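Some notes on the structure that comes next.
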Amino acid sequence: MVTQPTTPTHSGSSLLHRWLARAAFLALAAAFVVPVLVAGLRGSVSMLVIGVVCLIGTVAAIWWFVAHSGVLRWLAAVFLVAAPLAVLLVFALHHLVWVAAVSLGLLVLAGAAGRRALTQAALAPHEATTPPPAHPFLIMNPRSGGGKVGRFDLAARARALGAEVVLLDTSGTTDVAALAQDAVRRGADLLGVAGGDGTQAIVAGVAAEHDLPFLVISAGTRNHFALDLGLDRDDPASCLDALTDGVEIRVDLGEIGDRTFVNNASFGVYAAIVQSDAYRADKARTALELLPDLLAQQTGPALCLRVGDTVSPAPQAILVSNNPYTVDDFMGLGHRPRLDRGRLGVIALTVDSTTDALRLLRGRRSTSVAVLAARSAVIEAGGEPVPVGVDGEALLLPTPLHCRIRPGALRVRVPRDRPGVRAARAALDWAHLGKLALSFRPTGTRS
Ligand SMILES: Nc1ncnc2c1ncn2[C@@H]1O[C@H](COP(=O)(O)OP(=O)(O)OP(=O)(O)O)[C@@H](O)[C@H]1O
C-alpha cells in the first residue's frame, strides 16, 4: 500500500484571512491617524490637541476594554463612543466634516475586514498539498440521485482522468467494502465514491483503515457529507477536479459499534424521520410536522442514553452526529460548519406529553431537547436490538451500542477550487484578530 507524503501549505484562504486581519488593523489605525495629520497640516492647535488626545485615549481605551471587566470596561466603552463624537464636533466647527466622514468610513472598513477575517478563519480547514493519485479507484452507483452517474457522464470522465471505475450492479447488493479492499490490495492510492452517503461511509471506513485519501463525488440525492465538506452538490462532475487539481483535508469519522458513519446515526423517532421520504427530499418542515404523530405511535424498546456522567433515561429520539450540527433546528437538518472538532454532536428528545411535543417546535430552547458534544456516547435498550439509521441506511443493531469519534481519521481529497462551507457570521473579537494578524503560519489547523 502506498501512502503519499503530505506537505503543509499556506492555503489561499488562510493567507487571505491573515491579510484581512492586518488590513482591519491598518484601517483602524488610519481612522485615527488621518484626523491628527489633517489637524497638523492645518496648524490648528485645538484640532491637533483633540486629535492626539483621542488617538492616545482610544488606544488605551481599547486595551482597557479588552483586558478588564466591570466599571473599567464600561468607562472604556463610553470613551470609545465619545472620542469619535468629540472629533466629529471639532472638525465640524472647522468646516472639515469630510475628515470625520473618511475616519468613519475607515472604521466601518476595519470592522468589515475584521469580521470577514475571523469568519474565514473559523471555517477554513487546514489544507495539505499532495501529489495527484496514480491509481485512483472509484465506485459509482448508477441509481444514486436518480441516475446522476449517467446524467453527468461521470464514469467516462473519471476514466479519461486515469481512474479505475466500477459501476455497482444494483440488481442485488454489492459488497462495496470488499470491492474497496480488493482495490487497495491491487495498489489503489485513492478510493472514491459517486453515490449516497451510506456507501460513502462504508468506503471512507476502508480508506481510513489504510490511511488513503478519499474522494467524495456528490452523486447521491442528499449529499449531506459533500455539503459539509464544501463541495458542489449541483455539479458532481466538478468533484472529479480533485483528481488533477486537488488538496487534502483531514476530517473526523463517527463510529457506531464496528461501523463507520460520516454524517449521523439516528435512533427512535429520529430514525423514522431520517428515513422518511420527506426527509430524503430535504423537506425539513414536513419532517417536523411528522414528529407529534410519530411520537404518539412509537413502539419498540425504550432507549437510554449515556454521555459521560449525563444520563437521559427515556428519550424517544437520539441523533448522534460526526461533529455537532448548527442546531438552529434540533432535527439535525442543519449543517456542520466543521468536521474536524473531534466531537460527536448528540441530540436527545424526551417528550412526556402532547404539550411537550408541541414545545419541540420551538427548537433548541425547548426543555425536551438535550444538546451535547462529546467524544463518545452509549445507547442502551435493555439488550434488545434497535432500529438505527446509519447515514440514512436502515439497520437493526444489537444494544448496548457504543458511538465514538475518530479525530482526523479520514484524508479527503477535494478540488482546490470549490464552493466551501457556508459562513456563519463571526463575532468581532479584536484580541483573536490581533493574533491572526501577527501569525505567519497557516491557520485553520485542528484545535
Ligand atoms: N451496495 C449497493 N449495491 C447495490 N445497490 C445499492 C447499494 N447501495 C445502494 N444501492 C441501491 O442504490 C439506490 C441508490 O442508493 P444510494 O443510497 O446510493 O443513493 P440515494 O438514495 O440516491 O442517495 P442518498 O443516500 O443521498 O439519499 C438504492 O435503491 C439502493 O438500494
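What follows is calculated from the coordinates using simple rules that are stated; it is not laboratory data. Please read all numbers here as calculations on a predicted model, not as lab measurements. When we count neighbours, we look across all protein chains shown, and the Cβ atoms used for this are built from the backbone with ideal geometry, even at glycine.
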Label model pair W64, L16: point-to-point distance (7 angstrom along the Cα→beta-carbon line) in nm is 3.9
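Using only the Cα atoms of segment 176-216, build the gyration tensor, take square roots of its eigenvalues as a ≥ b ≥ c, and label the shape rounded, prolate or oblate: rounded if a/c is under 1.5, else prolate if a/b is larger than b/c, else oblate.
It is prolate, given that a/c is not under 1.5 and a/b is the larger ratio.
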Length gained if R186 through V49 is fully extended, taking 0.36 nm per residue and subtracting the Cα-Cα distance, is 41.6 nm
Ranked output for segments 314-324, 246-256 by mean other Cβ atoms within 10 Å, highest leading, reads 314-324, 246-256
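So how do 76-83, 375-382 stack up, highest first, on mean other-Cβ count within 10 Å? Could the numbers behind the result be given before it?
Numbers: 76-83: 14.6, 375-382: 18.2.
Output ranking for 76-83, 375-382: 375-382, 76-83.
Full extension from W74 to V371: what is 0.36 nm times the residue separation minus their Cα-Cα distance, to one decimal in nm? Working shown, then result.
Numbers: separation 297, 0.36 × 297 = 106.92 nm, distance 3.38 nm.
Computed gain between W74 and V371 is 103.5 nm.
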For segment 129-244, using Cα atoms only, the Rg and Dmax in Å read 12.7, 40
Reduced to Cα centres, the span from segment 149-183 to segment 235-255 in Å works out to 16
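For a Förster distance of 45 Å, can you work out the FRET efficiency between the beta-carbons of D241 and L107, rounded to the nearest 0.05?
Step by step, r from the Cβ atoms, then E = 0.65.
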Once both label points are put 7 Å beyond Cα along the C-beta direction, the D309-H335 separation in nm becomes 3.7
